[in-house]
Amino acid sequence: MHYPDNNCASPKVDPQPLFQNYLSHGQVQGLVSPYFAAANTAVAAGKKFMMMETNTASCGGFAGISDSFASALHFGGQNVYYNPFTPPPTNMTSVRKWNTGPIFYAQLVAAEALGKSGNARVIDLYIDGNADHRAGYAIYENGVASRLLLVNYVQPTTPNANDYVATFAVGGGETGLPVVSPASVKVKYLRADSVNSKDNITWAGQTFGQQFMSDGRLQGDLDIITIQCNTSDGTCNIPVPGPSVALVFLTDAALQTSGADDTAPLTFATTTTTARIVPTIDQAVLETSNGRSGSDPLGTTSESSSQSAGFITTVNPLNFILGAISLTARQTNGVYGVFPNRLVTYSPSSCPPPETMTSPNGFDTEYSADSVEFCPHPGLLDIFACGTYQLQEETADRPRRRLGRCYLFETSDDGVLSELQRFDLPAILDMKWSHREYTEGSRLAIADAEGCIRVYLLDAPERRLHELQAVSVVSSDVLCLSLDWSGRRASSGNEPSESLVTSTSDGHISVVAPKDGEFRVMESWKAHDFEPWIAAWDYWSGGQIVYSGGDDCKMKGWDLRQGTMTPTFTNKNFEAGVTTIQSHPFEEHVLAVGSYDSTVRLFDTRKPLRPFLQMDVGGGAWRVKWHPSTQRRHDILVACMHDGFKVLRTSGIEEEPILSSSGYDVLKRFDEHKSLAYGVDWSYKEGGDSLVASCSFYDHVLHTWRA
């Protein structure tokens, strides 16, 4: 795991301007989001996923931040500057005790929040519209809500000025489940006088004391607050002072199972000290024990270092306070969190189990297969293309390369495949046919691993693809990850010109359009902090509105008429990277969005921050495809990565969106692929069940089946 900041530079970084970064819910989300996909892969494989080293900043942290209460709110900090305990300078060991740093208090909170079951799951509640200065998490054990953790990052300028009250209910509201809120809850608070406090931090009223005064035992009386809930409407009001963390225990059992066992080791006061403990370890090892070769005066934990605990620096949080006043001076008492008592995504309505489809055909693509696209034009509806991606590792006599191959197939009515053509090119990440009919032939665009969009023409009589143009979008070491044509609804040529949008692995989105007889990059902008897996047009916007989603767990909207300096919206309410987006070709304002979090969400594009339907698909949703027929406009085809391919049927998308537990059914599924389900598409032929082509990655297999 990486650090959110770097303090390895020389001269040292001034921590003052960085203080506000560690009082940010968004930074915490951004820090963990790159690991969702890897974690899902490990879980799906039945493996443990180990998070290794991280903290407030590399190379020792920041004095005044890493050893302050802000690091506890951030859950990472202390001396070198982020160790949980710091000894006194070596010449004071006989008269001074240790420091217990803020990060150790954070570890106590985290341990009690997660409990001892070993199967806790944490859900970000995105309270107050995913406000950056507040955070809320629901913790489930064995699928049942057990605890709630609330954070207030703001340092008030006057007492209680930035306190807030979080009102929550368990069940009811939008969950579609019965209200099961408790009659009362127990609350423990992690408190400090200021976000830059270094000592006198309290956890449930107890503290390890001031600097150089800790003997490892908590001091003071345990203070667990009981808060009565409103039994008439099932809501509970939890005050969250600024700055603090509130851990809410929803049941007595949750409280009882959060602490140490009665059989835990006992601690005793120190009865003997020595003037100095002389280590026997090689001094050269000590000098490099913190990774800096003893080259600068950062605080260290080596016993012989005179810099150990005596290096005291304070960062004034005032800059952050002034910047946050306008956002947090009010006290908001709306319902922040209504969450289900059981950890479920909105489940399919009660209906027969989905029909499991089979395939009479299987084709070995040799390279890993990741993309399938049917031609949408009359007379060519039996043709589809399949793209592949293969990483060729570096050897002594050849460089590392990403290899690709494009296949062109035709299919019979019963799905039997005939290969028409194959040709090699850089690895293929995505491909799309233009829905616009051109006199010279149908157009297929391919996004490749060397920064190019390649446009091909399909010669109808010959039934072969010929390259029309290779457009270099970015440098060859950057991948084009996705693409989309703007003219899905303008197939007759109503749109003056048709544009392509592509996302690239450097975080950019680019628009490619024809000019002076050839395709050119017309616009490019930085859109995401991590890989933008998908860029897609709003098919109803006439080539003006683009949606993008990335590994930063964000979906964004872009209106080219307004410029691309800032998005029209940013939706941060995803639990993992956003992987696929498709505008509905027959219903204006309806958008299907898939994520690594195993959920497909439907949005009204006029209200893009909150889905009107969520569908649990069992695995990361790599591709979503609306059915190409108006008669089946409610059906969605989903590539579910570790859980095969599924056909979902939604209800009521033309009506006022209502979040419902019976808003969709899983009609059919296809499980004959033995690896990651990636590429999938419908045939555009009308009548009966539609032919579907699908492909999977590591087993490099292509299938056709009906759904």
I'd like to check something: does the range 110-125 contain any residue that is over 15 Å from residue 258 (Cβ atoms), in contact with a strand residue (DSSP E or B) (Cβ under 8 Å, 6 or more places away or on another chain) and open to solvent by less than 10 Å² (accessible area, probe 1.4 Å)? no
Go through the range 525-547 and give me each residue that's open to solvent by 60 Å² or more (accessible area, probe 1.4 Å) and in a strand (DSSP E or B). 526
Go through (1) out of contact with any His (no Cβ under 8 Å at 6 or more places or on another chain); (2) within 28 Å of residue 377 (Cβ to Cβ); (3) small (Gly, Ala, Ser); (4) open to solvent by less than 50 Å² (accessible area, probe 1.4 Å) one by one and return the number of the condition residue 687 breaks. (4)
Please count how many residues of the range 224-245 are surrounded by 13 or more Cβ atoms within 10 Å (Cβ to Cβ) and part of a strand (DSSP E or B). 11
Pairs needed: first member in the range 189-207, more than 21 Å from residue 160 (Cβ to Cβ) and of a type in the set (Val, Ile, Thr); second member anywhere, at pLDDT below 85 and not in a loop (DSSP other than H, G, I, E, B); C-beta distance under 8 Å; at least 6 residues apart or different chains. 207/219
Across the range 616-640, what is the total count of residues that are buried (at least 23 other Cβ atoms within 10 Å of the Cβ), within 17 Å of the chain's Cα centre (by Cα) and not in a loop (DSSP other than H, G, I, E, B)? 1
Identify, please: which residue in the range 392-437 is at pLDDT below 90 and open to solvent by less than 60 Å² (accessible area, probe 1.4 Å) and is, among those, farthest from residue 625 (Cα to Cα)? 395
Criterion first (of a type in the set (Val, Ile, Thr), under 23 Å from the mean Cα position of the chain (by Cα) and surrounded by fewer than 17 Cβ atoms within 10 Å (Cβ to Cβ)) does residue 580 satisfy it? no
Residues 511, 474: which one is surrounded by 22 or more Cβ atoms within 10 Å (Cβ to Cβ), under 27 Å from residue 678 (Cβ atoms) and in contact with a strand residue (DSSP E or B) (Cβ under 8 Å, 6 or more places away or on another chain)? 511
Residue by residue through the range 564-577, note down the ones that are open to solvent by less than 30 Å² (accessible area, probe 1.4 Å) and within 23 Å of residue 512 (Cβ to Cβ). 564
Considering only residues that are charged (D, E, K, R) and assigned to a strand (DSSP E or B), look in the range 374-417 and name the one that is nearest to residue 364 (Cα to Cα). 405
Somewhere in the range 336-358, is a residue touching a Ser or Thr at 6+ places or on another chain (Cβ under 6 Å), modelled with pLDDT of 95 or more and open to solvent by less than 60 Å² (accessible area, probe 1.4 Å)? no
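The values are calculated or read from the model by the stated rules, or taken from the named source; none is laboratory data. Everything numeric in this text was worked out from a predicted model, so none of it was measured. We place every Cβ from the backbone using ideal geometry, glycine too, and count neighbours over all the protein chains shown. SASA here: full protein model, heavy atoms, side chains in, ligands and nucleic acids out. Shrake-Rupley method; radii C 1.70, N 1.55, O 1.52, S 1.80 Å.
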